[in-house]
Structure formats: structure tokens, C-alpha cells
Amino acid sequence: MPLLEVKNLTISFGGLRAVDDFHLSIKKGQLYGLIGPNGAGKTTVFNLLTGVYKPDEGIITLDDKDITGLKTIEINKAGIARTFQNIRLFKELSVLDNVKVGLHNHHPYSTFEGIFRLPNYYKVEKEMNERAMELLKVFDLHQEANYLAANLPYGKQRKLEIARALATEPKLLLLDEPAAGMNPNETGELMDTIRFVREKFDMTVLLIEHDMKLVSGICEALTVLNFGRILTQGKTADVLNDPQVITAYLGE
Amino acid sequence: MDKTNSKFKLSKTTKSNLITYLIVIIAYLTVQLLLAGGHMSSLMEGLLVPLCIYVILAVSLNLTVGILGELSLGHAGFMCVGAFSGAFFSKCTQGSMPDMLRFLLALIIGAVVAGVFGILIGIPVLRLKGDYLAIVTLAFGEIIKNLVNVLYIGRDSDGFHFSMKDSISLHLKEDGEVLVNGAQGITGTPHDSSFTIGVLLILLALFIILNLIHSRDGRAIMAIRDNRIAAESVGINITKYKLMAFSISAAIAGVGGVLYAHNLSTLTAQPKNFGYNMSIMILVYVVLGGIGNIRGSIIAAVLLTLLPELLRGLSDYRMLIYAVVLIAMMLLNWSPKAIEWKERFRETYFSGRKTGKSETAQVSQTGKGVK
């Protein structure tokens, strides 16, 4: 029984079929890669999976539940969290608060309790602080907890985005080009972090990436997109040796 | 045990909030001392309640502009709604209950009605962004003011009568009384407002807004401001929190309106008091004090209200000087060079007291952070 099952997913913008007859099946605990040349429709697939766009056709099932056409916040509640290609942090909030926003739906108290500082406020805030610090420690960000997110160095901003996504307690984590703009050292560190996240949180990960070292290093299976269509799909080693894929990336 | 412990540690934000309350209380005591010693001109004395009103409005608008991050130019409209609903209630119930209780109820009614208007107007308006939202709130503010100007309400032994035409079409019996008389507004509102009540309301407004900001809901609101798409992706209900911030802001502006109405014997809706001039003046306080900086709003509102009075001696040049001072203050406070200079000043003179790096990282003012 796969965790994520996508069938016949299609969306057009005007006359352009950005994603055409896309299908995907990810098992629980898998590290799955989505690759392809620029403009192939990878981020569009992410946007379809997270409800930013509604598909024209197709069915998306997460953990046996149909989530096709749901709103972004409902999909997040159903168990998909994501990061973004161009980092989207809450820049004027502290690093700690960024994670606490991720914890929002799991640690509730009412507005009234918040304004009048009733005992429940202190109790839940304490829980949130502890949980957020735990998550920050995993990503080695706990020393910067009180910094503004905007003041973090680039690599740490990427990590904070992953921490925030994990705070929503997802079943499936989508990472959109997590290694973009990183040097080889940082990429190596990121690979360790992703592996660690999978072990520690028992997480299933779907990631978009251009860095072949990262893809071949951590992904167990791949789907290659080209012009909105699936070029090939399968185990990482097989896919990367497919002449079709090499042509798509390097040209004839 | 746990609670007292966390209270004793006093986080940075708690400390900053306490300082804000303290500033208001010290200012209040200073004024009381001046009044007791007879050192205050009657003109200045007359300015005390308006001062409280402007502070309340500035603080409440900062919730929309600084915390929610949406530019609203219709804030005077919500003040107008609060003023008229509160004054209408006071006029209806005059003599039937103790003054303080009636005023308290008037304040609550003003807040609730303005808050409801905030929700009603917020639902369509908050679908827009930036400049478009600003223009539409401006239009709604003007609509409210103009509707109030053609509203006639009377009361006789049969009950209430409404009209949008004139007072004659109310068809009141002989024992009837016109309560709201169109452009002539409401006359004979009891004079319940005082400086003390005004300051108490400022403290209440601060309490609500500062506690809201530093709670789960406030974080969600600021997350939407900083990045709507990311907020949505972590499961924040955008519409709910936008409406929450907008309506709480409107409700507190309504309280300011009730205070305003009960400081005058005649309440009319004119461009001067409830038009967009007023909305923009409040926005000036917010921008000058620092968008998102609640304490700054208070200081800016007080300074800019007192300034024209302090410059009274210059007669005709008064407003010219006011404008020049406004420009100078804006440049001194918010030009990048001035901010840089201030930071260097802080580092040179206060660096011994606190640790260097993390402090400056947080203090670096981009104008949006919550202090």
C-alpha cells in the first residue's frame, strides 16, 4: 500500500499542458526524487500536490484518503508539508517563532486565553517552546533561536524551512530544490540531514533536485519529467543510466 | 509554581511590554501633577482627552498596518461607527442607569458594532492587496461617514422610527424625540469622557494588542504578513486571521470613537473628524512611530497632537512649521543613514552592557519587527 498515489494528473495553463498524465507511487519511508530539465513541470507537480493549483484531471491519494482538489491548508492537515525553491520564511519573526507557526494547529488555545493570559496559555506556550527547541536542535539551529529569520545565513535558512515543515507533523515531506545555491560541503551536510530526518521522524520524502550528486547519493527511486511528461521512472541507478535521460539533460 | 517561575524570568518581550505600560502610566501621573499644581493651560487641558483618542486610534491602526501588514485608509470610518452607536445608546438610556455603568455599556456597544463592521467590510476588502486594499478601505470609510449624515432615528411611545430622508418622514407623535438628526447628528450626549478613563482605555487597548501579538494568533497574523503562501502551506487559515486582526483593530477604533462622542455635546460626522483626513492623520502617527512598533505609535501620536498647540505662537506659520517638523522627524527616524547612525551610537555607548552580536542582529530595524 503506497503512502502517496498519483494517477493521471493533468493541468493546462492556456494552451500549454504543463503537466500531462503524471503518475507516481511512493512507499512509506521512501526517499524519492523528481528530476528533469528547467521548465519540465517539477514545481507545478508540487503545487498540484499541495493544492496551490487544482488539477484538470487526475486523482491524488495520501494514505488511502482522496485529497484531490483540497485547499492548501486542508492538504497540510491531511499530512503533506513542503519547502520552497526560493526560500519563504517569516523573515521578521524569530527563528523560534517560525517553527512555532508550524506548530500552530497541533498546540491550540483560544484567542481569549491568549489575550487574557489564562493558565492554558502558559501551559501550551511552554509545550510549544519545548517542542520547537527540540526541532531546532535537530537542525543545529537552537543557538540562533532568537535571531530574526532574515538574519540567518543561507544554508541555515534552508534548514529552518525544513524544521518548520516538520513542525506540522506531516506524513510526507516535499523538498523543492533543497540544495540550490549550496556549496559542495553544505550539500553533503544537507544529505546527512535529510537521511537523519527520515530515520528520526520516520519520514517519507519527495524532493526536486538538480544536483546529481545529491540525487544519486540519497534517492532510492526517481521520476524524470520532460516537457510535462514522464520520461522514465524507476530505481535511481537504472534511471540515471537511461540514454533518454542523458539526452534530455545534455541534448543530442 | 511553574507559572511564577516563568514570570520571574521576564522574557525580552514581556520587559518591552512593561516599559510601554510604564511610559503611559508615568505620562499620566506627570499630567496629574501638572494639573494639581495648576501648571496647565485650559487649552492643553482640553487636549488631554483627544490625545487619548488619537493614541487609541494609532495603536489600533498599527495592528492592521504593522502587524497584519495591510494598508487601511478607512480607520476613521470605524471610529465613526463606534462614536455614533455609543452615543446613540447613551442618548437612549440617559437617566435610566448610573452614569458609569451607562458609559461602560456604551464603550462595549461601540466596540462590538465597530468590530462587526470590521468583519462585514473586511470580508470583501481583505481579498485585495496593497494599494487596491487601501483605496477600497478609503471608499468604505467615506461611505460610512456619508450614510451617517443621512440617518434619522426618532423615538416615541410606539418605539423607534428610522428614515434616510429627513426628520419629518419619521412621523413621530407629539411626545416623540429625534435622536439622530441626519447631518446635525446627535446632540446632548452626556459628557462622560475624562482623561483618567482615556488613559485606562489606552492601557486596555495596549493590553489586548500586545498580548494578541505575542500569542499563537498574533504569530499567525504576522506569518501571513511576512509570507502568505508559506503561512498557508503550514496550515494557517488566512481568511480567519486576517479578519481577526482587522475586526479587533476596528473594534478598538470604535472604543476611540465612543470616547470621542462622549467628550463633545454635539456629535456630527464631518470630513474633519471622520473623513479620510483623519484616517491619514492616524496613518501618519503609525508610520512616524514605526510600522509595527506599538510604543512608537503612542509617542508619535502624542508629539504630533501637541506640536500644533506648542507652535500656536507662530500663528499663520503654524501648519507650515508643523509640516516641516513632520518631514524632519520622518527623515531623522527612518532614513537608512539615520538608522545606521543610531545603531552605531547604541553600540558605542551600550555595548558593555549587553552581548554584541545577537543584540544588533535583533535590533537592526527594518521597520516591521515587533518590539
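The values are calculated or read from the model by the stated rules, or taken from the named source; none is laboratory data. This structure is a prediction, so every number in the text was calculated from the model and none was measured. Positions of Cβ are generated from backbone atoms using ideal geometry, with glycine treated the same way; all protein chains shown enter the neighbour counts.
Annotations
- Counting only residues that are out of contact with any Lys or Arg (no Cβ under 7 Å at 6 or more places or on another chain), facing chain B (nearest Cβ under 9 Å) and assigned to a helix (DSSP H, G or I), segment A:162-182 holds 2 of them.
- Listed by first and then second residue, the pairs with beta-carbon distance under 7 Å, at least 6 apart or on different chains, first residue in segment A:186-208 and part of a strand (DSSP E or B), second of a type in the set (Val, Ile, Thr), are A:THR204/A:ILE26; A:VAL205/A:ILE194; A:LEU206/A:ILE26; A:ILE208/A:THR43.
- Single residue of segment B:58-94 satisfying the filter (over 20 Å from B:ASN211 (Cα atoms) and among the β-branched types (Val, Ile, Thr)) that is modelled with the lowest pLDDT: B:THR93
- Among residues of segment B:80-91 that are closer than 12 Å to B:ARG102 by Cβ, those with a beta-carbon under 6 Å from a residue that is not in a helix (DSSP H, G or I) and not aliphatic (A, V, I, L, M) at least six positions away or on a different chain give the pairs B:ALA87/B:THR189; B:SER90/B:THR189; B:SER90/B:PRO190.
- All of B:ALA223, B:ALA261, B:ALA251 fail the test of being under 30 Å from A:ASN86 (Cβ atoms) and surrounded by 24 or more Cβ atoms within 10 Å (Cβ to Cβ), apart from B:ALA223.
- Residues in segment A:130-144 that are surrounded by fewer than 19 Cβ atoms within 10 Å (Cβ to Cβ) and at the interface with chain B (Cβ under 10 Å from one of its Cβ atoms): A:GLN143 only.
- Qualifying residue in segment B:243-257 (condition: among the hydrophobic types (A, V, I, L, M, F, W, C), at negative phi, in contact with a strand residue (DSSP E or B) (Cβ under 9 Å, 6 or more places away or on another chain) and at pLDDT 95 or above): no
- Residue among B:LEU201, B:LEU210, B:LEU179 that alone is among the hydrophobic types (A, V, I, L, M, F, W, C), within 14 Å of another protein chain (Cβ to nearest Cβ) and either touching a residue at least 60 places away in the same chain (Cβ under 8 Å) or assigned to a loop (DSSP other than H, G, I, E, B) (or both): B:LEU210
- Cross-chain or 6+ apart pairs with Cβ under 8 Å, segment A:141-159 first and touching a residue at least 40 places away in the same chain (Cβ under 8 Å), then in a loop (DSSP other than H, G, I, E, B) and of a type in the set (Lys, Arg): A:LEU148/A:LYS91; A:ALA149/A:LYS91; A:ALA150/A:LYS91
- Filtering segment B:1-57 to residues that are among the aromatic types (Phe, Trp, Tyr) and modelled with pLDDT of 95 or more leaves B:TYR21, B:TYR28, B:TYR54.
- In the set B:VAL148, B:VAL112, only one residue is crowded, with 19+ Cβ neighbours inside 10 Å and either in a helix (DSSP H, G or I) or modelled with pLDDT of 95 or more (or both); that residue is B:VAL148.
- Unmet criterion (only one of (1) part of a loop (DSSP other than H, G, I, E, B); (2) crowded, with 19+ Cβ neighbours inside 10 Å) for A:ILE60: (1)
Table: residues versus (1) within 28 Å of B:PHE89 (Cβ to Cβ); (2) over 14 Å from the mean Cα position of the chain (by Cα).
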| position | (1), (2) |
| --- | --- |
| B:LEU212 | yes, yes |
| B:GLY218 | no, yes |
| B:ILE236 | no, yes |
| B:GLY254 | yes, no |
| B:THR268 | yes, yes |
| B:LEU288 | no, yes |
| B:ASN293 | no, no |
| B:ALA301 | yes, no |
| B:ARG312 | no, yes |
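- Output for segment A:90-114, where each listed residue is facing another protein chain (nearest Cβ under 7 Å), crowded, with 21+ Cβ neighbours inside 10 Å and either of a type outside the set (Phe, Trp, Tyr) or outside any loop (DSSP other than H, G, I, E, B) (or both): A:GLU92, A:LEU93, A:ASP97, A:LYS100, A:VAL101, A:GLY102, A:HIS104, A:GLY114
- Filter result for B:THR196 (among the polar types (S, T, N, Q), modelled with pLDDT of 95 or more and more than 18 Å from B:SER72 (Cβ to Cβ)): yes
- Matching entry among A:MET191, A:MET182, A:MET212 (being of a type in the set (A, V, I, L, M), surrounded by fewer than 21 Cβ atoms within 10 Å (Cβ to Cβ) and under 18 Å from A:GLY29 (Cβ atoms)): A:MET191
- Among the residues of segment A:214-237, the ones that are closer than 14 Å to A:TYR32 by Cα, more than 20 Å from the chain's Cα centre (by Cα) and not in a strand (DSSP E or B) come to 1 in all.
- Of all residues in segment B:155-171, those that are at positive phi have Cβ atoms under 7 Å from Cβ atoms of residues that are modelled with pLDDT of 85 or more and surrounded by 11 or more Cβ atoms within 10 Å (Cβ to Cβ), 6 or more apart or on another chain, in B:HIS171/B:HIS161.
- Segment A:39-57, residues that are surrounded by fewer than 16 Cβ atoms within 10 Å (Cβ to Cβ) and under 16 Å from A:ASN8 (Cα atoms): A:LYS54, A:ASP56, A:GLU57
- Of the helices (runs of 4 or more DSSP H) that lie entirely inside segment B:236-305, those containing 2 or more residues that are among the aliphatic types (A, V, I, L, M) and more than 14 Å from chain A (Cβ to nearest Cβ) span B:238-261, B:276-289.
- Residues located in segment A:19-76, provided they are touching an Asp or Glu at 6+ places or on another chain (Cβ under 9 Å) and among the small types (Gly, Ala, Ser): A:SER25, A:GLY29, A:GLY33, A:GLY41, A:GLY51, A:GLY58
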